[in-house]
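Each remark here refers to the structure printed beneath this line.
All of the numbers you see were taken from the coordinates with simple rules; none came from a lab. Computed from a predicted model, the values in this text were never measured in an experiment. Note that each Cβ is placed from the backbone with ideal geometry, even for glycine, and that neighbours are counted across all protein chains shown.
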Amino acid sequence: MSNAAPYDLEYEKIINEIKSRGVRAVLIQAPDGLKPHLKDLWMKLSSAGITVYISADPCYGGCDLADGIGRKLGADMLIHIGHNKFVKTEEEIPTLYIPASYIANLSELVKKSVEFLKGKGIKRVGLVASLQHVHSLRIFVEGLRSNGFEVAVDDATGGAVLGCNVEAAKRIAGSVDAILHVGGGDFHALGVALYVELPVYIVDPYRGEIRDIEKLKRKILARRWWAIQEAKRAQIFGVVVVTKGGQFNRDLALLIKKELEAREKKALMLVADEVNWERLSSLTFVDSFIITGCPRISIDNQEIFGKPVLNVEDFKELLKVIEG
Ligand code: SF4
């Protein structure tokens, strides 16, 4: 690692790519949490004579690529920091994905994990991580195995989970007693906990602590159930098509509209790039919203939405509830 940031921004790889492609202008895109660490990259590229644009928009995932904006700007390359490739289609301009691995000494946290699991009487443990931490799973595997634990990591993904994809946890769930999620915040671990019927614990390299996600999971499930029950009474639904490249699904939205109309409900097609309550709340005549993009928008924000907001899975549950 050649930068002072606690994240490996892979400067050498970026410079090599820029040279080999003869790039003159780049657009850099990163989640808000990584933007404070972009100064060195900006300065290095600028001093090499490259025109650098940094996207000031929020960026939540690889589903949200600014390749179209890069093309408009005349940038020869998009440097997308913090995520891997998500979209199945080809990007509009050459795109370099930099996962931004978090660099930290984890020996104390490994020791804490050993003590924690012993205290809980857990012997078989599955490991997953958000992308910034997936490289460090190897250290946990070694530390836990050398202390007598059976440890499972999904081979296909290397243990990486996204907010909307927890296959890495689902595939090992049958052979372990609990899942440890290495990463900060609650977002990814909550995704795991919602789809895997096992205790899920967050091993947080930023705070150096281990914590349980169960209480939050119960709160979220209760809110989800409330939203589905409330939506049952709704007459007018707003079906939201999200325009972000990896979230766009107009056909699914049209199918949902059809399903609603078949049940004597009205469905208004809405389109938005950024979905939040500020945007939705002005549609005062809509009783409930169904978001066909990121499934986490409704899960993580139901508390601040003033009306029931469902994702596609919730919508399937709603149909069952309506049919009684
Ligand atoms: S769809 Fe949502 S959870 Fe999935 S990568 Fe995009 S922002 Fe993250």
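Simple rule: put +1 on each Lys or Arg Cβ and -1 on each Asp or Glu Cβ in the range 219-323, find the dipole, and look at Val275, Leu254, Trp225; the Cα lying farthest toward the positive end is Trp225. Multiplying the residue separation of Thr89 and Ile304 by 0.36 nm and subtracting their alpha-carbon distance yields 74.0 nm.
Once R0 is set to 25 Å, what does the formula 1/(1 + (r/R0)^6) return for the Cβ-Cβ distance between Trp225 and Lys72, expressed as a FRET efficiency to the nearest 0.05? That pair, Trp225 with Lys72, gives E of 0.05. Placing unit charges on the Cβ atoms of the charged side chains and taking the dipole of the range 36-130 about its Cα centre, the candidate lying farthest along the positive direction among Gly74, Phe116, Val87 is Phe116.
Stretched out fully, how many nm does the piece from Ile210 to Arg145 gain, at 0.36 nm a residue minus the Cα gap?
Details: separation 65, 0.36 × 65 = 23.40 nm, distance 1.84 nm.
Separation in residues times 0.36 nm, less the Cα-Cα distance, equals 21.6 nm.
Calculated FRET efficiency, Asp57 and Ile103, Cβ-Cβ r, R0 22 Å, to nearest 0.05? Don't skip to the answer; put the middle values down first.
Details: r = 27 Å, r/R0 = 1.21.
That pair, Asp57 with Ile103, gives E of 0.25.
Put a plus charge on the Cβ of each Lys and Arg, a minus charge on the Cβ of each Asp and Glu, and nothing anywhere else: the dipole of the range 219-323 about its Cα centre is then about 140 debye. Only Lys, Arg, Asp and Glu carry charge here, each on its Cβ (+1 for the first two, -1 for the last two); on that basis the range 107-212 has a dipole of about 220 debye about its Cα centre.
Of all aspartates and glutamates in the structure, those lying under 19 Å Cα to Cα from Lys72, and not within fewer than 8 positions of it along the same chain, are Asp57, Asp64, Glu90, Glu91, Glu92, Asp273. Rounded to the nearest 500, the 222 nm mean residue ellipticity of the chain from helices alone is -10500 deg cm²/dmol, with -39,500 (n - 2.57) taken per DSSP H run of at least 4 residues. Pairs from the list Lys266/Lys320; Lys265/Lys316; Lys244/Lys316; Lys13/Lys35; Lys88/Lys219; Lys217/Lys307 with a Cα-Cα gap above 26 Å: Lys88/Lys219.
Once a ≥ b ≥ c are taken as the square roots of the eigenvalues of the Cα gyration tensor of the range 219-323, is the result rounded (a/c under 1.5), prolate (a/b larger than b/c) or oblate (a/b not larger than b/c)? Rounded, since a/c falls under 1.5.
Loop-located trypsin sites (Lys or Arg not before Pro) in the range 230-324 (DSSP state not H, G, I, E or B) with no more than 15 neighbouring Cβ atoms inside 10 Å: Arg263. Decide, for the range 7-102, between rounded, prolate and oblate: order the square roots of the alpha carbon gyration tensor eigenvalues as a ≥ b ≥ c, take rounded if a/c falls under 1.5, and otherwise choose prolate if a/b is larger than b/c, else oblate. Judged from the Cα gyration tensor, the range 7-102 comes out rounded (a/c under 1.5). About the centre of its Cα atoms, the range 7-102 shows a dipole size close to 220 debye [charges on the beta carbon of Lys, Arg (+1) and Asp, Glu (-1) only; nearest 20 debye]. The overall shape of the chain is oblate: from the C-alpha gyration tensor, with semi-axes ordered a ≥ b ≥ c, the ratio a/c is 1.5 or greater and a/b is no larger than b/c.
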